[in-house]
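The values are calculated or read from the model by the stated rules, or taken from the named source; none is laboratory data. The model shown is predicted, which means the values in this text are computed figures rather than measured ones. With ideal geometry, Cβ positions are generated from the backbone for all residues, glycine too; neighbour counts draw on all protein chains shown. What goes into the accessible areas is simple: the full protein's heavy atoms, side chains included, and nothing from ligands, DNA or RNA. Shrake-Rupley method; radii C 1.70, N 1.55, O 1.52, S 1.80 Å.
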Amino acid sequence: VGEEVLLKCSFRSSSPITESLLVDWTYRPLTGGQMETIFHYQSVPHPTTAGRFKDRISWVGNVANGDASIAIQNPMLSDNGTFICSVRNPPDV
């Protein structure tokens, strides 16, 4: 609590990295419930504009280096849950 949290995500692809590469970060609270998309990247970062992580997520990745990491500012205990990073680089998944 109080310190920025880095959520690391690394990937490898057998296909060249292009503008078609997509990164999606999803989150589900510890208490369960629906998965929600909290971050999307396609050529440029698209942080969520609603929900608990609004204005608190920043892109720290570098897709050219196989890095799709994000950072969460001002984390709270209530942010505990499952975070999933999904990378698609067509035709590779």
Evaluate the distance, in nm, between pseudo-label points positioned 7 Å from the Cα of Asn74 and of Glu4 along their respective Cα→Cβ axes. 1.5
Within 14 Å, Cβ to Cβ, of Ile84, how many net charges do the neighbouring residues add up to if Lys/Arg are +1 and Asp/Glu are -1? +1
For the chain, what is the accessible area per residue in Å² when the probe is 1.4 Å? 61
Relative contact order as a percentage, the chain, C-alpha pairs under 8 Å and 6+ apart, gives 43
Probe radius 1.4 Å, ligands and nucleic acids ignored: give me the carbon and sulfur share of the accessible area of the chain as a rounded percent. 52
Could you calculate the contour length gain from Lys54 to Gln42, that is, 0.36 nm times the residue separation minus the distance between their Cα atoms, to one decimal place in nm? 2.5 nm
